[in-house]
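A short write-up of the structure that comes next.
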Amino acid sequence: GQYGQYGQYEQGGQYGRFPGARPRRLRTTPAVRRLVAETRLHPADLILPAFLREGISEPVPISSMPGVYQHTRDTLKKAAAEAVAAGVGGIMLFGVPEHKDAVGSAGTDPDGILQVAIRDVLSEVGDDLVVMSDLCLDEYTDHGHCGVLDARGRVDNDATLERYAEMAVVQAEAGVHVVGPSGMMDGQVGVVRRALDGAGHQDVAVLAYTAKYASAFFGPFREAVDSSLEGDRKTYQQDPANARESMRELALDLAEGADMVMVKPALPYLDVLRRVADAVDVPVAAYQVSGEYAMVEAAAANGWVERERVIMETLTGVRRAGAGNILTYWATEAAGLLARG
Ligand code: PBG
């Protein structure tokens, strides 16, 4: 038959009740299991998302994400230093400004909170950590959408692109290594690339949020960035029912100059992740989002699952499905667990 070349099934027949093939042989000890493991996690693959909030003197816990905080400038630097010490590969920064308005002015203020975060982290860790920034308006707008609105209250794609171009340059000027346009506007990667190049920032890379779904798993993130969004993001983020559509977004992002691509959320979209990973020759990342984190923490707090095992199993699953890099709020802790084996 199909597996006749191994001869084991025939052998099994010959010995009657003894199975010819014994996959369990390679599961007998931790050492043999480690030897034959097909997927390995490494701290350097992990990227820590982190929030800096303007105008606070103590870190503010995010109630829906136990263990995650809106940082002060001091605690953000500390978190970055701890990430470096644990061997984490990168940090993805988000700013939470004191003042929000219709166009998200704080996002393009050279002294805005995200730019402060970029400079602070760079001054703390230099080039030891890849410093990335979220390039989107929802943290800065009073209406909570990822773009600016037109007269009828709809998200205006092309007017938003002009804001993104400005944001990219301001973030690059603060020294960021990688920008992550996450607003799902058509053409955002190309506009950001051209803006960076035009301002002399050819070396700043673009991590494209290629497949980003209109997901309820972003729920706790709203609290993390004090977002007041009413309604939803379904006119720009993707329908969870669609996978082929992500391949179209992928082709566009690559044509527009994406250096790395990402799928988000992670666990509910492992099939999309696999398709993307099989299709490209650029690095592929996945974002284990706030709701994925919250779900595990809540179940673990109830004693319903083993916290550390579940964390590592989710990360391994995401890696196995094709992600080279994983953004996870557990990055520093997971790196520590990996170091301890
Ligand atoms: C957009 C952005 C969001 C997240 C990362 N970047 C929110 C959204 O698009 O609705 C969510 C991350 C998470 O839930 O952990 N600025």
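Laboratory data are not the source of any read-out in this text; all were calculated from the coordinates shown. This structure is a prediction, so every number in the text was calculated from the model and none was measured. Positions of Cβ are generated from backbone atoms using ideal geometry, with glycine treated the same way; all protein chains shown enter the neighbour counts.
Side notes on the structure shown:
- Longest DSSP-loop-exposure-free segment, trypsin sites (Lys or Arg not before Pro), the chain, at most 15 other Cβ within 10 Å: 41-151
- Two-decimal Rg/Rh across segment 31-135, once Rg and the Kirkwood Rh are taken from alpha-carbon atoms: 1.09
- Cβ-derived FRET efficiency at R0 51 Å, H99 paired with T29, nearest 0.05: 0.30
- Take the Cα radius of gyration of segment 199-267 and divide it by 2.2 N^0.38 Å, N being the number of residues; the result is 1.29.
- Simple Cβ-charge dipole of segment 256-303, Lys/Arg +1 and Asp/Glu -1, about Cα centre, in debye nearest 20: 140
- Lysine-lysine proximity count for the chain, Cα under 25 Å, sequence distance 8 or more or distinct chains: 6
- The largest-to-smallest principal axis extents of the Cα set in the chain are 78, 41, 38 Å.
- Pairwise inverse Cα distances across segment 232-333, averaged and inverted, put the Kirkwood hydrodynamic radius at 14.5 Å.
- Antiparallel %, DSSP beta bridges [both residues in segment 41-339], to 5: 10
- Gaussian network model of the chain, Cα within-10 Å springs - most flexible of H42, H71, H145: H42
- Test item: Cα-centred dipole of segment 162-290, Lys/Arg +1 and Asp/Glu -1 on Cβ, debye: 300
- Dipole orientation for segment 41-339: of the candidates G153, A286, S123, A286 has the Cα lying most toward the positive pole (charges on Cβ; Lys, Arg +1; Asp, Glu -1).
- Site-free segments of the chain were taken between chymotrypsin sites (Phe, Trp or Tyr not before Pro) in DSSP loops having at most 15 other Cβ atoms within 10 Å, sites themselves excluded; the longest one is 16-303.
- Per residue, the chain reaches -12000 deg cm²/dmol at 222 nm when only DSSP H runs of four or more residues are counted, each adding -39500 (n - 2.57).
- Under the criterion of Cα pairs below 8 Å and six or more residues apart, the relative contact order for segment 41-339 equals 20 percent.
- Just checking the listed ones, V305, V179, V125: in the Gaussian network model of the chain with Cα springs under 10 Å, the one fluctuating most is V305.
- Fluctuation leader among P19, P268, P97 - the chain, Gaussian network, Cα springs under 10 angstrom: P19
- For segment 99-248, the Cα-based Rg and Dmax, in that order, read 15.1, 46 Å.
- Put a plus charge on the Cβ of each Lys and Arg, a minus charge on the Cβ of each Asp and Glu, and nothing anywhere else: the dipole of segment 41-339 about its Cα centre is then about 720 debye.
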